[in-house]
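K.L.:
Please find one structure pasted underneath; my questions will follow.
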Amino acid sequence: MSAPRMIDLITRKKRGEEMTAAELAWMASEFTRGTIPDYQMAAWLMAVCWRGMTERETLWLTEALVASGRTLEWRDDKPVVDKHSTGGVGDKTSIVLVPLLASAGHIFVKMSGRGLGHTGGTIDKLESIPGYRVALSVEELRRQVERIGCALIAQTPDLVPADAALYALRDVTGTVDCMPLIASSVMSKKLAAGAHAIVLDVKYGAAAFMPTLEEAEALAAAMVRIGEGARRRVRALVTPMDEPLGRAVGNALEVREAIDTVTGSGPDDLRALVIELGAHLMVLSGSARHLEDARAALGILLDSGVAADHLEKLIAAQGGDPRVVTDPSRLPAASEIRIVAGEASGWVERVDARVIADAALTLRAGRLRKGDAIDPAAGVRLLARRGDEVRPGQPLAEIHAASTEMARQAELIVRRAFRIGEERPAVPESPVVVVGE
Ligand code: URA
């Protein structure tokens with residue numbers, strides 16, 4: 001084939017036409033090499049958001065992303081597992097789950113992303129740990145996995161570089177919440193990392209990229225099909241994302257909460273999700289027969305300090321200061337902490353995760369433009385959550401900011417996130433829909 005021209009691919013996608021596998025492979029490789037400018041790539045991404053992709057086109061895009069770098073293979077004398085979330089607010093699950101499963105004898109190489117849109121990213125969170133290196137060479141990665149069984153890394157020039165480049169561009173061009181782009185982005189990282197058993201946490205709700213359960217189920221099914229096509233065992237849990245997961249939103253604050261959870265305390269919702277995802281991974285990878293047994297085993301590893309020891313090993317192996325696990329005061333801390341006190345009495349009916357994410361962005365806990373620096377210490381900690389009874393003057397949230405002015409602006413936003421009613425809200429059902437085997 002003669003080399004395609006990007007302008008033609010944009011025009012064809014704008015008309016809703018299907019690209020070929022060869023065209024997508026060319027595009028991913030040229031964008032990674034830097035020969036397609038961001039403005040053309042952004043135009044193509046926006047056309048995909050409007051016109052969609054066929055199922056096979058999504059698969060070809062996934063394959064093109066994988067082929068932009070190297071792929072990993074692991075010894076099969078241990079179960080090799082992986083997990084990915086489609087993005088939420090306060091979602092620090094991986095920082096707990098990776099050392100937890102490694103401490104239970106699994107190989108777990110997790111390639112994560114940076115913050116995307118209003119959602120936080122595990123890589124930004126990990127970088128708040130002094131010294132932690134998210135970019136490892138493939139050789140370093142192999143040596144580390146041989147030694148401690150796990151790694152928590154970003155894409156590198158070696159591993160799915162095309163996704164890293166597209167991901168950063170999507171973040172700032174309004175092209176995140178698009179099913180084929182999410183499916184190919186997530187699955188390219190999972191296929192390249194070489195796991196045999198993959199559990200996906202597909203979020204739905206006000207602060208998820210898929211607002212409705214139906215859309216999230218469709219995304220889950222699309223990703224499961226891509227994984228099965230590549231002969232991996234894949235299962236998706238579809239979980240709600242209307243309120244922040246846990247209490248902390250913001251990079252160092254979330255690492256602190258992940259440390260609490262890995263050491264056996266931490267908020268109930270985060271612990272429950274970690275255990276649920278981990279139990280499904282154990283059953284899917286054949287290391288447990290029943291979910292119930294797996295849940296119990298994982299709870300013991302959290303409560304006994306075994307998983308926490310493994311988190312220390314992971315942080316140390318990647319150049320970070322492992323002492324943060326026993327002394328989280330070594331994490332970056334904000335100079336300004338402002339308490340948001342409630343004005344009404346009643347019951348917290350809702351804490352809107354999307355609005356809390358906006359407050360965190362205002363504090364520079366995430367990016368508004370590609371390449372923006374983020375403040376690792378900034379964020380919001382919820383002191384009251386759905387179902388709590390509150391009185392005037394009672395602290396609802398804590399704002400961690402770099403300046404008084406930023407804290408003041410964030411306070412106005414955080415206030416909007418709280419809905420206080422006169423009646424105790426019903427305990428929300430947390431429906432977890434399982435898609436896949
Ligand atoms: N996570 C990813 O890795 N990619 C997306 O597009 C969304 C969430």
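K.L.:
Name the residue that is farthest from GLU423 (Cα to Cα), counting only residues in segment 397-406 that are aliphatic (A, V, I, L, M) and buried (at least 24 other Cβ atoms within 10 Å of the Cβ). Outline the logic, then answer.
P.N.:
Here is the first cut: in segment 397-406, the residues aliphatic (A, V, I, L, M) are 397, 399, 401-402, 406.
Those still in the list that are buried (at least 24 other Cβ atoms within 10 Å of the Cβ) too: 397, 399, 401.
Values: ALA397: 21, ILE399: 27, ALA401: 33 Å.
By that ranking, first place goes to ALA401.
K.L.:
May I pose another question? Which of the residues that make up segment 171-190 are within 9 Å of the ligand (Cβ to nearest atom) and among the small types (Gly, Ala, Ser)?
P.N.:
Residues satisfying the conditions are ALA183, SER184, SER185, SER188.
K.L.:
Continuing with the same structure: Quick one: is ALA168 under 20 Å from ALA43 (Cα atoms), among the hydrophobic types (A, V, I, L, M, F, W, C) and within 13 Å of the ligand (Cβ to nearest atom)? Please lay out each step first, then the result.
P.N.:
Numbers: under 20 Å from ALA43 (Cα atoms): yes; among the hydrophobic types (A, V, I, L, M, F, W, C): yes; within 13 Å of the ligand (Cβ to nearest atom): yes.
So ALA168 fits the description; yes.
K.L.:
Check whether at least one residue in segment 118-128 is β-branched (Val, Ile, Thr), crowded, with 22+ Cβ neighbours inside 10 Å, within 12 Å of the ligand (Cβ to nearest atom) and not in a helix (DSSP H, G or I), and report yes or no.
P.N.:
Yes, segment 118-128 has at least one match.
K.L.:
I need a count of the residues in segment 82-110 that are over 20 Å from LEU270 (Cα atoms) and either within 11 Å of the ligand (Cβ to nearest atom) or out of contact with any Pro (no Cβ under 9 Å at 6 or more places or on another chain) (or both).
P.N.:
Initially, segment 82-110 is screened for residues over 20 Å from LEU270 (Cα atoms), giving 105-107, 109.
Cutting the leftovers down to either within 11 Å of the ligand (Cβ to nearest atom) or out of contact with any Pro (no Cβ under 9 Å at 6 or more places or on another chain) (or both) gives us 109.
Result for segment 82-110: 1.
K.L.:
Another question, if that's okay. Could you please give the count of residues in segment 210-225 that are more than 18 Å from the chain's Cα centre (by Cα) and either aromatic (Phe, Trp, Tyr) or under 15 Å from GLY88 (Cα atoms) (or both)?
P.N.:
Count: 2.
K.L.:
Being at pLDDT below 95, within 18 Å of GLN155 (Cβ to Cβ) and away from the ligand (no atom under 13 Å from the Cβ) is true for just one of GLU73, GLU30. Which residue is that?
P.N.:
Working: GLU30 fails: at pLDDT below 95.
Unique residue meeting the criteria: GLU73.
K.L.:
Residues in segment 42-63: is at least one among the polar types (S, T, N, Q), within 30 Å of GLY105 (Cβ to Cβ) and surrounded by 20 or more Cβ atoms within 10 Å (Cβ to Cβ)? Write out each step before concluding.
P.N.:
To start, the set of residues in segment 42-63 that are among the polar types (S, T, N, Q) comprises 54, 58, 62.
With within 30 Å of GLY105 (Cβ to Cβ) added as a condition, the list becomes 62.
Cutting the leftovers down to surrounded by 20 or more Cβ atoms within 10 Å (Cβ to Cβ) gives us 62.
The answer is yes; a qualifying residue exists.
K.L.:
Here's a follow-up. Please enumerate the residues belonging to segment 253-277 that are surrounded by fewer than 24 Cβ atoms within 10 Å (Cβ to Cβ), of a type in the set (Gly, Ala, Ser) and either under 16 Å from the mean Cα position of the chain (by Cα) or assigned to a helix (DSSP H, G or I) (or both).
P.N.:
ALA272, the sole residue that qualifies.
K.L.:
Against the definition (away from the ligand (no atom under 16 Å from the Cβ) and on the phi > 0 side of the Ramachandran plot), how does GLY131 come out, yes or no? Spell out how you get there, then give the answer.
P.N.:
Working: away from the ligand (no atom under 16 Å from the Cβ): yes; on the phi > 0 side of the Ramachandran plot: yes.
Spelling it out, GLY131 is indeed away from the ligand (no atom under 16 Å from the Cβ) and on the phi > 0 side of the Ramachandran plot.
K.L.:
Looking at segment 2-53, what helices (runs of 4 or more DSSP H) fall wholly within it and have at least 2 residues that are polar (S, T, N, Q)? Break it down stepwise before answering.
P.N.:
On the way: elements: 6-14, 21-33, 38-51.
Filter on segment 2-53 gives 21-33.
K.L.:
Among ALA207, ALA192, which is the only one that is touching a helix residue (DSSP H, G or I) at 6+ places or on another chain (Cβ under 8 Å), under 21 Å from ILE95 (Cα atoms) and part of a loop (DSSP other than H, G, I, E, B)?
P.N.:
Of ALA207, ALA192, the one residue that is touching a helix residue (DSSP H, G or I) at 6+ places or on another chain (Cβ under 8 Å), under 21 Å from ILE95 (Cα atoms) and part of a loop (DSSP other than H, G, I, E, B) is ALA207.
K.L.:
While we're on this one: Can you find, within segment 291-322, the residue that is surrounded by the most Cβ atoms within 10 Å (Cβ to Cβ) among those that are of a type in the set (Gly, Ala, Ser) and closer than 18 Å to LEU141 by Cβ?
P.N.:
Here is the first cut: in segment 291-322, the residues of a type in the set (Gly, Ala, Ser) are 294, 296-297, 299, 304-305, 307-308, 316-317, 319-320.
If we keep only those that are closer than 18 Å to LEU141 by Cβ too, we end up with 316-317, 319-320.
Working: ALA316: 16, ALA317: 20, GLY319: 13, GLY320: 22.
That would be GLY320.
K.L.:
Another one. From (1) of a type outside the set (Asp, Glu); (2) at pLDDT 95 or above; (3) on the phi > 0 side of the Ramachandran plot, pick out the condition that doesn't hold for GLY436.
P.N.:
That leaves (2) as the condition not met.
The values are calculated or read from the model by the stated rules, or taken from the named source; none is laboratory data. What you are looking at is a predicted structure, and each value in this text was computed from that prediction instead of being measured. FYI the Cβ positions are ideal-geometry reconstructions off the backbone, even for glycines, and counts take in every protein chain you see.
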